[in-house]
Amino acid sequence: MGINTVILGTQWGDEGKGKIVDCLTPEAQAVVRFQGGHNAGHTLIIDGKKTVLHLIPSGILHAAVMCYIGNGVVVSPGALLKELDSLEGQGVAYADRLRISAACHLILPYHVALDQARERHRGKEAIGTTGRGIGPAYEDKVARRGIRALDLCDLASLKPRLEAIVTYHNVALTQYYQEEAIDFNMVWSELEVQAKRVLPLIADVTAALVKHREQGDSVIFEGAQGSLLDIDLGTYPFVTSSNTTAGAVSAGSGVGPLYLDEVMGVMKAYCTRVGAGPFPTELFDEVGAELADRGKEFGATTGRARRCGWLDIIALRRAIAINSVSQLVMTKLDVLDNLAEIKFCVGYECRGEQLSDLPISAADVAACKPIYESLPGWKSDTYGMTELDTLPEEAKAFINRVEELAQVPVTMVSTGPDRVHLLNRLSK
Ligand code: GDP
Ligand code: IMO
Ligand code: MG
């Protein structure tokens, strides 16, 4: 029997999901994305060579593995083809190994224009989106006017529908946001060309996943963004526009929930966040600067500086609960190597009250002052360590304490960005 493993982020994204998916792919026959779009930036480093994936599952660099983009993903044909060209340039073959669900909704140029126009219009209240058109594309899906990958099979029927949608969105763009209209002919001529290349990749991904199950294959479901960016369970409205949590795996790929065996929650040894929104443990001092610097905390998609802070156990516990996380993977332990003291938040003080749960309202989260516990740092080099025995005692104590507070085992620890910088705590 194969094992179906979900690998997702427990924080605000960029936890190192891509690296962990890549590391575990040799044990699987397929890797599936189930939500989000090219707002994601998943970094893989193999023998020092960096590959950043946005839409393509992080299993693509393993030649024998199938990669699927499930129906829950919003796909920009332009971004997809650009990423495929770049992979092809690296000698990665994809034609027989990548399949895109016919039910995926497409991100088209008016979604990007709307996303960016809205952010400009919000001014100081901007969410800090990636500007990739993610929100508007999901809106069209839910409004039942979206264009899906399968619509590319019949361009003659698509053309008048698409023209009507462009006209509809141009009203908001020109009259409400006072921005330039999108030229339908430009959208159409681009899409006609893109369709020729995308069509051979379109398939019934749900049916393919049923086959994998029948064959006894193991499948990895790769989350994008992080649990606290979930549209329902995150710090709304400072969230992305999809469900990023484990419940989205079934809806976004068509694999029933009872078929999922493990949920691996990826967590940094500290926290980061890109874009606006509350972040109780954010640091504005030299420790925050050290984390940003050592952790190279710049966005893999937009290049923006990531905000940095201490690990937040209260937020982590929420993520564990909403995803039924069965194992934790701690990444970027090495980033803490120089610190004399390691802090982690074990409670909040919010408007005079002590809280042990993350509040639902973003305003309440913003009002939370962290209550910290701390442990001594190890002040020595853990970079690249692969054996549990070699870890400094203080680092072991930190991991043990996180495990104790989270009540979920930390099964793996990442000690550097490269594929080989991984320590398995189960194999002693
Ligand atoms: P993802 O979006 O969750 O896949 O994460 P990103 O790729 O956006 O960000 C994680 C960053 O941390 C990337 O630059 C990785 O190369 C890097 N990284 C991952 N694990 C480790 C680690 O254990 N140590 C260090 N120093 N860097 C890591
Ligand atoms: P990965 O998969 C970190 C954030 C944006 C913004 C909010 C909404 O690499 O972890 P959107 O463009 O999705 O409408 O932006 O979500 N965001 C991410 N932050 N990592 C990501 O992906 C993100 N994808 C979106 O910064 O705050
Ligand atoms: Mg990322």
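Here is how the numbers come out for the structure above:
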| quantity | calculated |
| --- | --- |
| Fraction of accessible area attributable to carbon and sulfur, the chain (%, probe 1.4 Å) | 53 percent |
| Pairwise centroid distance, computed over Cα atoms, of segment 199-253 with segment 125-191, Å | 23 Å |
| Residue with peak Gaussian network fluctuation, the chain [Cα springs, cutoff 10 Å], from T272, T43, T302 | T302 |
| M385, M186, M412, reordered so the largest accessible area comes first (probe 1.4 Å) | M186, M385, M412 |
| Proximal aspartates and glutamates to K159, defined as alpha-carbon separation beneath 19 angstrom and excluding residues fewer than eight positions away on the same chain | D140, D151, D183, E190, E192 |
| Charged-residue dipole, Cβ positions (Lys, Arg, Asp, Glu), segment 284-338 about Cα centre, Debye nearest 20 | 360 debye |
| Cα-based Rg / Dmax (Å) for segment 267-427 | 15.5, 47 |
| Of K124/K343; K268/K396; K50/K396; K17/K332, pairs whose Cα-Cα distance is over 23 Å | K124/K343; K50/K396 |
| Cα-based Rg of the chain normalised by 2.2 N^0.38 Å, two decimals | 0.98 |
| Neighbourhood net charge (10 Å Cβ-Cβ; Lys/Arg +1, Asp/Glu -1) for P109 | -2 |
| Listed residues I69, S227, M1: farthest to the positive end of the dipole of the chain (Cβ charges) | I69 |
| D389 accessible area, assembled protein chains, probe 1.4 Å, Å² | 140 Å² |
| Prolate/oblate/rounded label for segment 306-374 (Cα gyration tensor, a/c 1.5) | oblate |
| Accessible surface, per residue, of the chain when the full set of protein chains is kept, probe 1.4 Å, Å² | 42 Å² |
| Cβ-based charge dipole, segment 105-198, positive-most Cα from V171, G135, I182 | G135 |
| Helix-only CD estimate at 222 nm, as mean residue ellipticity for the chain, using -39500 (n - 2.57) per DSSP H run (n ≥ 4) | -9500 deg cm²/dmol |
| Nearest 10 degrees, 0 to 90: helix 205-214 Cα axis against the chain principal axis | 50 degrees |
| Extended-chain gain in nm, criterion 0.36 nm per residue less alpha-carbon gap, H121 and E190 | 22.1 nm |
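The values are calculated or read from the model by the stated rules, or taken from the named source; none is laboratory data. This structure is a prediction, so every number in the text was calculated from the model and none was measured. Note that we place each Cβ from the backbone using ideal geometry, even for glycine, and neighbour counts take in every protein chain shown. Calculation scope for accessible area: heavy atoms of the full protein, side chains included, ligands and nucleic acids excluded. Shrake-Rupley method; radii C 1.70, N 1.55, O 1.52, S 1.80 Å.
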